[in-house]
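Where a number appears in this text, it was derived from the coordinates with a stated rule and is not lab data. Worth saying up front: this structure is predicted, and the values here are computed from it rather than measured. Neighbour counts run over all protein chains shown; Cβ positions are idealised from the backbone, glycine included.
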Amino acid sequence: MIYNFDTELAAEYGVDEAIFIHNLYFWIRHNEANGINIAEYEGVTRVWTYNSMAAFSILFPFWSHRQMERIVKSCRDKGLVITANLNEDKKNRTLWYAVTEKVVLHYTKQCNVSHGSVKCISNIYNYNISTDINTDSIIAQSTECVKSDVETASKYGEYKWVKLTDSELEKLIEKYGRELTAKAIEFVDMQAEKTKNRNGWKSWSAVIHNAIRNNWGGIKND
């Protein structure tokens, strides 16, 4: 997988933080475009994305659980991210994430100019902010920069048997959610390792779909 990040954010807040923020911003923009995961928190309506640490381990295989927790805390402490438990079932402790107006305004500024292969897509980010970034009062215009790259499959799971393109992974997550997708990937990867892929699996996206639909290994019951 190719990981993009904003170099100015990296210089100011750290490379790990910039990578994490870029991923959150992508999914928040995706949710905004689809009109989902929009909720009020502390008097402000924001667009959110949510993830478990298990799912993050799939998205960011180069970070340990402890590193992931440190990065999230750093982003909160630096005023880049807001976290909350917005689950209907409060026993579910999966955190929801929203980026702050500081991040929104940064990406808006960055996308005001087109750069070669970088395509800037305008959209409304439903976030109440004012011309003074320390208060919340008006709707801000934001944009997202998306680089056009040829899709290649990345390896997932502990043993790296599962190969998915970014779009295949995105479709799985859209259909089944991040946590269930992560469980299915780990299960399929483990089965492939046990048999050295004796089944001859090649279309890994289809295998993941089958694993979830047929509840292989009871992954839906965990």
Problem - Extension reserve of the Glu40-Met53 stretch, reckoned as 0.36 nm per residue once the Cα distance is removed - result: 2.3 nm
Handout entry: Cα pair count fraction exceeding 15 Å, expressed as % - region 12-95
Key = 62 percent
Fill in the blank from the handout: Computed over all unlike Cα pairs, the Kirkwood hydrodynamic radius of region 1-48 in Å stands at 11.9 Å
Handout entry: Simple label model, 7 Å out from Cα along Cβ direction - Asn92 to Asp77, nm
Key = 3.0 nm
Completion exercise
Expected sort for 154-162, 22-30 on mean C-beta neighbours within 10 Å, highest first, is 22-30, 154-162
Practice task
Please list, in chain and number order, the residues 5+ apart from Val162 or on another chain whose amide H is under 5 Å from its amide H, with Hs placed from the backbone.
Solution key: Tyr156
